[in-house]
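A short reminder: the numbers here are calculations on the coordinates, not readings from a lab. This is a predicted model, so every value here is computed, not measured.
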């Protein structure tokens with residue numbers, strides 16, 4: 001368990017004050033995919049870019065594909081993609 005990452009399930013459960021639903025779990029899976037893709041492509045976190053759950057939920061409810069959403073965001077704000085490592089030659 002990563003102690004530096006917030007437990008969004010617990011946070012949202014506390015905020016919503018109810019049992020998690022399938023839709024809640026689907027949103028959290030979508031959010032985690034967005035977070036992973038943001039870091040993979042741009043080396044930033046959801047918190048770094050200032051997303052809050054209400055704005056992310058709007059994109060999720062619009063059925064945006066996580067990778068498309070991240071690409072759109074990166075293009076909108078002209079983010080530089082993280083350089084890919086160069087494979088070692090002759091090893």
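Relative to its Kirkwood radius, the Cα radius of gyration of segment 21-76 gives an Rg/Rh of 0.94. Distance from the Cα centroid of segment 48-67 to that of segment 18-32 is 13 Å (rounded to whole angstrom).
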